[in-house]
Amino acid sequence: MSDWLEDFIAGKEGAELLADDRPRSLLLPLPALIGSMQALKAQGFDMLNDHMAVDNPEGEHIRLLWLLCSTESGELLRVCCDLPRQQPVAPSLNALWPVAEWQEREVYDLFGVLYSGHPDLRRLFLEDDWEGWPLRKDYEDSFILEPGKP
Amino acid sequence: MTPKTLTLQDLLRTDFAPGGGTQEYFVNMGPQHPATHGVLRLLLKLDGETLRQVIPVLGYIHRGIEKICEHQTYRQIVHLSDRLDYLSALANNWCVTRVVERAAGIETNERIETIRTLMAELERLQSHTLWWGVFGMDLGAFTPFLHGFRDREELTQIFEDTIGARLTMNYIQPGGLLHDLHKDFAPRVRAWLKDFGTKVDEYDRMLSGNLIAQKRLVDIGALSGDEALGLGATGPVLRASGVPWDLRRVRPYGVYDQLDFVVPVGEKGDCWDRYWVRIEEMRQSLALCETLIENIPEGKTMLVKPAAKIRLPEGTFYEELETPRGIFGVHLHSRGKDMPWRFHFRSPNLHNLWCITKIAPGARVADIVAMLAGLDLIVPDMDR
Amino acid sequence: MAVGHAEGPGQNLLLTRLEDVISWARSNSLWPLTFGTSCCAIEMMMASGASHHDLARFGAEVTRPSPRQADLLIVAGTIVKRMAQPLRTLYEQMPEPRYVIATGACVISGGPFIYHSYSSLRGVDDVIPVDVYVPGCPPRPEGLFYGILTLQRMIRERAGLKHPEERRAPVTAALPEGITKQEIQAEMLELFEAQGRRNVHEEYRRTVSDPGAKGAYPGRGERG
């Protein structure tokens, strides 16, 4: 595989390659995100395969992950970005890949990440008046039943 | 500035249609509707009979599987993946198994991979026969339903002999397979495949050439390749739009690299192309199964102790494969425990669903049923 | 049901209570609502509509998509918090007398989603009253048939005319432990033959042997 990725991050401050083997992962600082995504799309990553988030309460951040796929070269690339746990706001990628609109709604629904520039930021699965963000590690709900506890 | 969030109420506004002067109105399709195959709710904004906008409302079967997975061991997660897209349970099992095996560094042998590939292809046939039956029913023809389910039932019984379950088959496990094949498996599969070869042609004669079916499918819901890619569509929906993206071919797994098959690709991406691609896929899968059933090597079918606890190293792992409906992917974020820190499913149906927001506006109300049937959606997989 | 033959002129009277006749008729003409949320719905489709299992043998094949035309609600698949209200509405839209069969582990207890889920209900009986529980994940079609036969027996035994809204305690219709597939299929065949021969085979044989006879298949004789 070519090393265009190392050239790609060379000019960007705070960007680094993560040690994962496959797919290759790229950690970007928040300000460089939208510009890099535009550049990556121009590189041929025409499919936004998936978007998810991982909660990290010790590090006080939520890591967003985008999985890009190129139908020309068949390459997969993971792009990560860390957001503060309080008031996480990320730019919406809706203009680049229309599917981002709904993937971002899912992450907003389950993690409470807000997206600036999103046309329709609503909860995807839960009711509009649901309180809390269920997939965060500190989510508490008296409805949840755990084994061994009444 | 904090981005503005909305609620469903904010969208419920209607206007006078430009030019015509008639007023738009909303109709709820679902959550209890026979054509939405479960509890999908579509909010249709209509102007007379013409669709102006489709707003999918999800969550009527959101069971919180990703949260439950964080409290399950890796073996237990395999059985939860059955309940996502229950018509491709084995493919889902396989995907979870692959990500766990890769993270744990478990190597499998040729026999296991061959049987997994064979099972996945048989299930593709099982899923497509059900799709074909329900597709016909949605268009108003009840006979395909009876025929599709008749052929599916035979295959279900073959699976039951080996696996012990009829629908939520929990067979492909990290390290191998749950059981070895039943002694009747190969003869029964051979007989079924021989029989089914004539059935696909029968399907063609019964529905494909039907004038009413043609009128309801051709040029309805056309989606170009670029649009489909942007909307994240995969599987037969993407291939019908002319993009030959099939993971079995571009990034082979199992024993697909040793197999010879054609990836059917459509031209216009309308409902007819989606129909045709699936019918052709049945023929291809049939040929694949015929090759595979004759070439199962000898060997062990379980390489790790079934009760052994699986601990994975730290890291984020991802695997994907081609289910009957598209690309199913699994993200696994491990922190070195025997349970994952975060488990995420990339659902093919959720991504295919959004095509409806693109292809429906401008069409008639009756066409939305044909479009939904062509997308072949499984709601629990979207909602997770 | 209690049946007596009248002796005397004519001798072809059948005496019974009207209530019994109605219960008998009701039990053999259940109209299920086509309602399914997940996996169990596929097995329900296999059982009710498809050719191999064919629920029509037990008089419950007229599935209706509208709750106003149905009297049997087969809850097939997990019910989550968001679905609870629509489900309750569906139930209330059904005319009395109405019956509920809960199929599958999810709607009985929560099944695989009982722990750590923030949205799955742990049993549908929190939302609507249930008559028969059919365990399984999902129950095989024969299991669902067993549940429907159990419900039919309950309807026949229940004098429900004066108090249609009155409910009996729910029962579980589980296939006995250790039963094999072959045993189930043999029993189904026996049941089918016992009920089916009387209604179909005899008449059919008679029509075949005597083409001119008018009987079970009106119109056959005329068409020749």
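Values computed for the structure shown
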{"read-out": "Principal axis dimensions, largest first and in whole angstrom, of the range C:23-172 by Cα", "value": "45, 36, 27"}
{"read-out": "Net charge of neighbours whose Cβ lies under 11 Å from the Cβ of B:R124, counting Lys and Arg as +1 and Asp and Glu as -1", "value": "-1"}
{"read-out": "Amide H within-cut-off set for C:S51, under 5 Å, with H built and near neighbours excluded", "value": "B:R150"}
{"read-out": "Shielding by other protein chains, A:40-52, mean Cβ within 10 Å", "value": "4"}
{"read-out": "Phi-based couplings in Hz for the range B:113-119 (Karplus 6.51, -1.76, 1.60; Gly and Pro marked x)", "value": "5, 5, 5, 4, 5, 4, 5"}
{"read-out": "Peptide B:2-9 - average C-beta neighbours from other chains (10 Å radius)", "value": "6"}
{"read-out": "Proximal aspartates and glutamates relative to C:K81, as straight alpha-carbon distance under 15 Å, when same-chain residues fewer than 8 apart are discounted", "value": "A:E127, A:D128, A:D129, A:E131, A:D141, B:D383, C:D125, C:D126"}
{"read-out": "Inter-chain Cβ neighbour average for residues B:348-356, partner chain, 10 Å", "value": "2"}
{"read-out": "Sites B:E160 and C:R57 - FRET efficiency at Förster radius 22 Å, r taken between beta-carbons, to 0.05", "value": "0.55"}
{"read-out": "For q = 0.12, 0.15, 0.16, 0.18 Å⁻¹, Debye-computed log10 I/I(0) when each Cα of chain A counts as one equal scatterer", "value": "-0.55, -0.81, -0.90, -1.09"}
{"read-out": "Cβ-based exposure ranking for B:W192, B:W132, in which fewest neighbours within 10 Å come first", "value": "B:W192, B:W132"}
{"read-out": "Inter-probe distance in nm under a simple model that places probes 7 Å from Cα toward Cβ, at C:E183 and A:W4", "value": "6.5"}
{"read-out": "Amide H contacts under 5 Å for A:N49, placed H, 5+ residues apart", "value": "A:L67, A:L68, A:C69"}
{"read-out": "Estimated inter-spin distance, B:D219 and B:T14, nm [label 7 Å along Cα→Cβ]", "value": "3.0"}
{"read-out": "Evaluated over the protein assembly as shown, the Cα radius of gyration and Dmax, each in Å", "value": "27.4, 108"}
{"read-out": "Spatially proximal lysines relative to B:K215 (Cα-Cα < 30 Å; intrachain offsets below 8 disregarded)", "value": "B:K45, B:K199, B:K268, B:K358"}
{"read-out": "Neighbour-count ranking [beta-carbon atoms within 10 angstrom, fewest first] of C:I74, C:I22", "value": "C:I22, C:I74"}
{"read-out": "Karplus-derived 3J(HN,Hα), 6.51/-1.76/1.60, for each residue of the range B:27-33, Hz, glycine and proline x", "value": "10, 8, 10, x, x, 9, 8"}
{"read-out": "Order of C:L18, B:L303 - criterion: other Cβ atoms within 10 Å of each residue's Cβ, fewest first", "value": "C:L18, B:L303"}
{"read-out": "Backbone HN-Hα couplings from phi across the range B:80-92 [Karplus 6.51/-1.76/1.60, Hz, Gly and Pro as x]", "value": "5, 5, 4, 7, 6, 9, 5, 8, 10, 4, 5, 5, 5"}
{"read-out": "Interchain or long-range residues, amide H under 5 Å from C:V80's placed H", "value": "C:L121"}
{"read-out": "Summed side-chain charge close to A:D82 - residues other than A:D82 whose Cβ falls under 14 Å, Lys, Arg +1, Asp, Glu -1", "value": "-1"}
{"read-out": "B:D257/B:A186 FRET efficiency (R0 22 Å; Cβ-Cβ; nearest 0.05)", "value": "0.40"}
{"read-out": "Lysines with Cα under 22 Å of B:K194, excluding same-chain neighbours fewer than 8 positions away", "value": "B:K183"}
{"read-out": "Efficiency of FRET from Cβ geometry, B:I55 and A:V89, R₀ 22 Å, rounded to 0.05", "value": "0.30"}
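Any read-out appearing in this document is the output of simple, stated calculations on the displayed coordinates, not a laboratory observation. Treat the numbers as computed from the prediction; the structure is a model and nothing was measured. Positions of Cβ are generated from backbone atoms using ideal geometry, with glycine treated the same way; all protein chains shown enter the neighbour counts.
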